[in-house]
1. Only one of VAL229, VAL154, VAL239 is open to solvent by 30 Å² or more (accessible area, probe 1.4 Å), among the β-branched types (Val, Ile, Thr) and at pLDDT 95 or above; which?
2. For segment 127-146, state whether one or more residues are among the aliphatic types (A, V, I, L, M), within 19 Å of ASN82 (Cβ to Cβ) and crowded, with 19+ Cβ neighbours inside 10 Å.
3. Restricting attention to segment 79-99, and to residues there that are basic (Lys, Arg) and open to solvent by 30 Å² or more (accessible area, probe 1.4 Å), which single residue is nearest to PRO9 (Cα to Cα)?
4. Name the strands (runs of 3 or more DSSP E) wholly inside segment 167-240 in which the number of residues that are touching a residue at least 40 places away in the same chain (Cβ under 8 Å) and more than 30 Å from ARG10 (Cα to Cα) is 2 or more.
5. Hey, can you tell me all the residues within segment 106-133 that are within 19 Å of the chain's Cα centre (by Cα), free of Cβ contacts under 8 Å to residues at least 60 places away in the same chain and part of a strand (DSSP E or B)?
6. When you scan segment 1-101 for strands (runs of 3 or more DSSP E) that lie fully inside it, which ones turn up with 1 or more residues that are closer than 30 Å to GLU155 by Cα?
7. Contact list please: Cβ distance under 9 Å, first residue in segment 69-85 and without any contact (Cβ under 8 Å) to a residue 24 or more places away in the chain and under 19 Å from VAL129 (Cα atoms), second residue open to solvent by 20 Å² or more (accessible area, probe 1.4 Å) and hydrophobic (A, V, I, L, M, F, W, C), pairs at least six apart or on different chains.
8. Which ones in segment 100-116 are open to solvent by 30 Å² or more (accessible area, probe 1.4 Å) and in contact with a Leu (Cβ under 7 Å, 6 or more places away or on another chain)?
Amino acid sequence: MSPSPPPPPRVARPVMYHRWSHITFLHWRYPVELIQATLPPGLKADTFDGVAWVSLTPFLLEGVRPPGIPALPWLSRFPETNVRTYVRDERGRAGIWFYSLDAGRLPAVLGARLTYGLPYFWSNMAVRVDGARRRYRCRRHRPLQPGGHCHADVETGSPLDAPDEAAIFLTARYRLFTLFAGTLASAEVEHPPWPLHEARLERLDQSLVRAAGLPAPDHPPLLHSSPGVPVAVGMWHPVR
């Protein structure tokens, strides 16, 4: 019997709605001790198959809006690319720790840094969809971090009717952790289970993993793709 993903949380009072569309997950194995050394106190590297994981996730954000306000043209639709790893807090709650988040809209970058303490960067970005092909482009604006870039071409494949344990571990994450004013905090993220597809990497030229202070990957990534999910994000709360 195939494993079942954990049920998503119910975010009773969302502070933000959006949709993560045309996403590709690129995952690499990393030594646990290396990842643990990058984490703040209170978080432990989560492992699968005896190793930690780092993922690069380019996608398109759509319909970004707070409750009660319609999505605005231009401001509500832009690309994003994240570098992340997988963690648990001292209560055993699973989640994501972001090393970096690149976004194509400066107001979104400033807003997320101010309200959630997330390490966002303003970048020149594009997501192009042509049938089964996805083309992602990202280059950070100077002088934020010259040379920070990610260019990826991906071909999406058949749906995964029964995601395996690795796919569930790497994608069924409904909590983010952040340091806000020096305090470890978390926020729940509600969305349906990812409709995952197979994916094939045609081209990858990226420096975002190294820019996050990690060694560049030395092996091909494990890939998943998804057409996307609607998302509701809750307010952060201190981790106690």
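The values are calculated or read from the model by the stated rules, or taken from the named source; none is laboratory data. Please read all numbers here as calculations on a predicted model, not as lab measurements. Neighbour counts run over all protein chains shown; Cβ positions are idealised from the backbone, glycine included. For accessibility, only protein heavy atoms count, side chains too; no ligands or nucleic acids. Shrake-Rupley method; radii C 1.70, N 1.55, O 1.52, S 1.80 Å.
1. Checking each option against the conditions leaves just VAL239.
2. Yes, that holds for at least one residue.
3. We begin by selecting, within segment 79-99, every residue basic (Lys, Arg); these are 84, 88, 91, 93.
Filter once more, so that each one left must be open to solvent by 30 Å² or more (accessible area, probe 1.4 Å): 88, 91, 93.
Values: ARG88: 16, ARG91: 16, ARG93: 12 Å.
Filtering segment 79-99 for residues that are basic (Lys, Arg) and open to solvent by 30 Å² or more (accessible area, probe 1.4 Å), the one nearest to PRO9 (Cα to Cα) comes out as ARG93.
4. Values: elements: 175-180, 183-190, 197-206, 222-233.
Here the list reads 197-206.
5. TYR120, PHE121, TRP122, SER123, ASN124, MET125, ALA126, ARG128
6. On the way: elements: 16-30, 43-45, 52-65, 78-89.
Those strands (runs of 3 or more DSSP E) span 16-30, 52-65, 78-89.
7. Close Cβ pairs (under 9 Å, with a partner that is open to solvent by 20 Å² or more (accessible area, probe 1.4 Å) and hydrophobic (A, V, I, L, M, F, W, C)) amount to ARG77/VAL64; ARG77/ALA71.
8. The answer is ARG105, PRO107.
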